[in-house]
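Below is one structure, written out as structure tokens; comments come after it.
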Amino acid sequence: MSTEWPAHLPVGSVRFARPTARYDEVVAFYADALGLPVLARWRGDDGHAGYDGVLVGLPGAAVHLEITQHGNPPVIPEPHPENQLVLYMSGPDAVAAATARLGAAGHEPVAAANPYWPERGCVCFADPDGWIIVLAPWVFGVDPVPAPVPTA
């Protein structure tokens with residue numbers, strides 16, 4: 001597996017952005033309940049063309065998630081169960097800790113649309129907009145993918 005970007009595409013970092021109509025609830029889910037650090041935050045009235053936003057991720061990491069809200073009322077796409085944010089974590093204990101943290105904040109796991117995830121020990125949650133977060137107990141590209149275990 002290649003570990004470098006192609007020479008013609010020297011990308012330094014990647015940001016995934018998605019809109020929300022439940023800004024405060026979604027920010028609380030990602031920043032407070034899940035515990036992703038807030039890297040930046042802005043309001044539409046401070047030079048951002050009416051967009052409120054927050055950027056979460058790991059400090060110094062090359063991948064970030066941006067949540068924005070714009071319009072009155074905000075218009076967002078309908079969530080789809082295959083539109084997922086997958087967090088590859090360092091083992092089952094890390095998934096259990098994140099699951100417990102989300103549970104303590106009132107969030108319950110949801111069924112995965114694709115059996116691939118639960119068969120490999122993953123736990124899925126829906127954020128307040130209904131978008132799916134998958135907590136996977138292996139680091140993609142580093143750890144072997146767990147063998148499927150039949151689920152009940």
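Before moving on, here are some points about what is shown:
- GLU119 - accessible surface, heavy atoms, 1.4 Å probe, Å² rounded to 10: 60
- Relative contact order (percent, whole number), the chain, Cα cutoff 8 Å, 6+ residue spacing: 22
- Furthest towards positive pole of dipole, GLY121, HIS107, HIS8, structure part the chain, Cβ charges: HIS8
- Angle in degrees between helix 92-104 and the longest Cα principal axis of the chain, rounded to the nearest 10: 50
- Separation between Cα centres of region 117-152 and region 9-81, rounded to whole Å: 23
- To the nearest 10, the accessible area of ARG18 is 30 Å² with a 1.4 Å probe.
The values are calculated or read from the model by the stated rules, or taken from the named source; none is laboratory data. Remember, it's a predicted structure, so these values are computed and weren't measured experimentally. Cβ coordinates were reconstructed from backbone atoms using ideal geometry, including for glycine residues, and neighbour counts include every protein chain displayed. These area figures cover heavy atoms from the full protein model, side chains too; ligands, DNA and RNA do not enter into them. Shrake-Rupley method; radii C 1.70, N 1.55, O 1.52, S 1.80 Å.
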